[in-house]
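Peer 1: First, the structure itself, so that you have it in front of you.
The values are calculated or read from the model by the stated rules, or taken from the named source; none is laboratory data. Bear in mind the structure is a predicted one, so any value in this text is a computation, not a measurement. Here the Cβ is made from the backbone with ideal geometry for all residues, glycine too, and neighbour counts use every protein chain on show.
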Amino acid sequence: MYQLVILFTQRDNRTMYFYEVALVKSARSMSELLTYHYIDRLALGSIVHLKVRNKDELGIVVRKVSEPDFKTKPIDSLLGLTVDASLLRLASWMSKY
């Protein structure tokens, strides 16, 4: 029992990394980024599973950001695929029109 408590304490003290994520389903998602956190470093372009308004969604990690002043939700899991940086730039440019 004592060891279990220590494990939870160590887990709670992990460093969190914060990311802006674009939803895959939205054509305007690059202009409407959401901030989520994850316990490990992620590559830009990583495709992730996350919850948005209690619905399962796919998102693309667009950039790493500093810890925000508001509470963030966790990224649930990684899909194991990434989007190339040149495609991210193209999607960003297209979202402005």
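Peer 1: Quick one: which strands (runs of 3 or more DSSP E) sit completely within the range 45-91 and have at least 2 residues that are polar (S, T, N, Q)? Before the answer, list the steps.
Peer 2: Numbers: elements: 46-52, 55-65, 77-82.
Where strands (runs of 3 or more DSSP E) fall fully within the range 45-91 and carry at least 2 residues being polar (S, T, N, Q), they are 77-82.
Peer 1: Okay, moving on. For the range 50-90, how many residues are farther than 24 Å from residue 14 by Cβ, in contact (Cβ under 8 Å) with a residue 40 or more places away in the chain and crowded, with 16+ Cβ neighbours inside 10 Å?
Peer 2: 1
Peer 1: Separate question: Find all pairs meeting these conditions: Cβ atoms under 7 angstrom apart; at least six residues apart or on different chains; first residue within the range 5-24 and on the phi > 0 side of the Ramachandran plot; second residue modelled with pLDDT of 75 or more and aromatic (Phe, Trp, Tyr).
Peer 2: none
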